[in-house]
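To keep things clear, I will list the structure first and then write my remarks on it.
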Amino acid sequence: MRRVQQRRDADTDDPFACRDDLAATTRRRYRAAWRSWAAWCRSAGVDPTVADGDSIARWLAARAAAGDAPATLAVLRAGVAAAVDGIATTTSDRRRIRGAMRRAAPGRGKRRGLRRVQVERMSAVAEQLDDDRMRHTIAVVMMMRDGLLRVSEALALRWSDLDRQPDGSAAVRISRSKTDQDGAGAPAYFSRATVAALDSTRRTDRDDDPIVGLNAGHLRRRIVAAAAAAGIGDVSTHSCRIGMAQDMAEDGMSLNEIMEAGRWRSPAVAAAYAADQFAALGPVARWHALREDGGQ
C-alpha cells in the first residue's frame, strides 16, 4: 500500500479552501469528490490520505454501482488527486483504477444529442398542448444549442448579457466557463428565432435577472420531460451541446470550427460527439459517392 502525503496547505475537511487557482465550479465538484471519498474511507476504515490504487478502485467501483457514469468517475478521481500530492503512482495502481472506470456503468456516459428536427418536434408538441412552461424550456434548449452552452454557462447568463443586433439576433459573451479559468470570455451567437423564443417566454422585466431562472436539476428535469412529451428519450442538459455539434458536423463544419464554437480544448471530445456525422462525410463515404456518381 502506497501512502500519499496530504498537501501541506490543505485542510482535512476542505482541501480546496485556499485553492484560488481553481474555478469556482471546479472547486465545488472537487469538494463533492473529496466528501464522497472521505465518507467511503470512514465506512471502509481507510485513511483518506492513503490514496492507493486498490482503495481508489474500490471506491470508484462503489460509485459506479450506484449509477455514476465514467465521466463522473473521472471528475471524482481528479478531485482526490487534486487534494493530495498525487495518487496511484505505481503502474499496478493505475491499472486497477483504469479497470474500475472501464467497468463502470456499462452503456452510460453517451447521451443522445438534441438535433434540430427534434427541437422542432418538441416545439410542435408544446403548441399542441398550449404549454407555456414547455415553451420556456424549448427556448432555453434553443439558446443552449446556439451557444453550445454547458449548463453552468447557461444558468449564469442574464438578460443584460444579450447584445441585440438590428436583425433580431444577439451576440453574447460567455464570461466564464469550464475551459476559461481566467475568465477571459468567449463569444457566442443566438439566432433571431432563439432570441424571439426567449423574449416570448420571458417572465421578468429586470435586465439583471437570469435568463433561465432555474437551478441545474430543475432545468434537467424540464428538458427530460419536454423531450419525453415528443417521444425523445435518454437526454440531459448536455444533449443541447451535443446535438448542435452533430448538426454542425452533418452540415460540413470542420472539427476546428466546432471546437471553437463549443470552447473545447480537446479535439478527441468534440470528435467523439459527432463521430457518426464525421464518418458519413469522411473519405470512405466520399469514395463511394464518387463511384456512384461515376456509375462504376
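What the table shows:
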quantity	calculated
Selection from Ala186, Ala171, Ser123, by position along the positive dipole direction of region 118-209 (Cβ)	Ala186
Ranked packing of 188-198, 252-262, most packed first, by mean Cβ within 10 Å	188-198, 252-262
Which of Glu153, Glu250 is most accessible, then next, and so on - probe 1.4 Å	Glu250, Glu153
Solvent-accessible area per residue, Å², over region 216-264 with all protein chains present [probe radius 1.4 Å]	41 Å²
Selection from Tyr273, Leu290, Met253 lying farthest towards where the dipole of region 241-296 points positive, charges on Cβ	Tyr273
Nearest-20 debye value, region 170-296 charge dipole, Cβ charges on Lys, Arg, Asp, Glu	420 debye
Of Cys240, Ala228, Trp264, farthest towards positive along the dipole that unit charges on Lys, Arg, Asp, Glu beta carbons give region 206-268	Ala228
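The values are calculated or read from the model by the stated rules, or taken from the named source; none is laboratory data. Please read these numbers as outputs of a predicted model, since none were measured by experiment. So basically every Cβ, Gly included, is an ideal-geometry build from the backbone, and we count neighbours across all protein chains shown. All accessible areas refer to the heavy atoms of the entire protein, side chains included, with ligands and DNA or RNA removed. Shrake-Rupley method; radii C 1.70, N 1.55, O 1.52, S 1.80 Å.
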